[in-house]
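Working notes, structure below.
The values are calculated or read from the model by the stated rules, or taken from the named source; none is laboratory data. Everything quoted here is computed from the prediction, not taken from an experiment. Positions of Cβ are generated from backbone atoms using ideal geometry, with glycine treated the same way; all protein chains shown enter the neighbour counts.
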Amino acid sequence: MRSLKIGVMVLFLSVVFAIQVNAQSRIWGDIIVILRPPTLEETRGITKQLNLTGEQKKEMKDLNQKYHDDLSSLKEKYQIIYNDLLEAVGNPNVKMGTVQKKAKKLNDTHEKILEKEIEYWNDVKEILDPEQYSKMWNLFTNKRLKR
């Protein structure tokens, strides 16, 4: 009887977690895709269209490298925490409080990623003039949201 209750609780938590992840991906999917700094390929294509000065090209290259490095380590951390959370949810011996702490840690890491992505776009504003920034944003978002 006890194992049946635990099994039902694990199933319930798994379903709730899956529903939450699915809802968040639908709600936040586009914004997460847009805010992610450009890939090297995207940067090359956009840079050509913006007529950047030599100094702007160097600053953008440095900025992109910095953010790719920072985000790479945060995304690795996120993946580890995500896997740890899933393991905890699936383990009948893990208490609900432990699962909640792991979920909070996952959300905190996701928030740090989002903050870093917003910081990137603010730094881009410091490098480009307003016309270049608007053009980059439009090119970038149109390319990323193309389905």
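Comparison of ASN122, ASN83, ASN107 shows that the only residue that is at pLDDT 90 or above, exposed (fewer than 15 other Cβ atoms within 10 Å of the Cβ) and under 27 Å from GLU42 (Cβ atoms) is ASN122.
Do we have LYS95 as charged (D, E, K, R), surrounded by fewer than 11 Cβ atoms within 10 Å (Cβ to Cβ) and at pLDDT below 90 here? In short, no.
Every condition in (1) in contact (Cβ under 8 Å) with a residue 60 or more places away in the chain; (2) of a type in the set (A, V, I, L, M, F, W, C); (3) more than 24 Å from THR39 (Cβ to Cβ) holds for LEU128 except the one numbered (3). Evaluate the following for THR39: is it over 30 Å from VAL89 (Cα atoms), at pLDDT below 90 and of a type in the set (Val, Ile, Thr)? Yes, satisfied.
Suppose we keep only residues that are among the charged types (D, E, K, R) and in a helix (DSSP H, G or I) within region 25-36. Which one would you say is modelled with the lowest pLDDT? Before the answer, list the steps.
Of region 25-36, the ones among the charged types (D, E, K, R) are 26, 30, 36.
With the extra rule that they be in a helix (DSSP H, G or I), the set shrinks to 26, 30.
Details: ARG26: 46, ASP30: 57.
Residue satisfying both the conditions and the ranking: ARG26.
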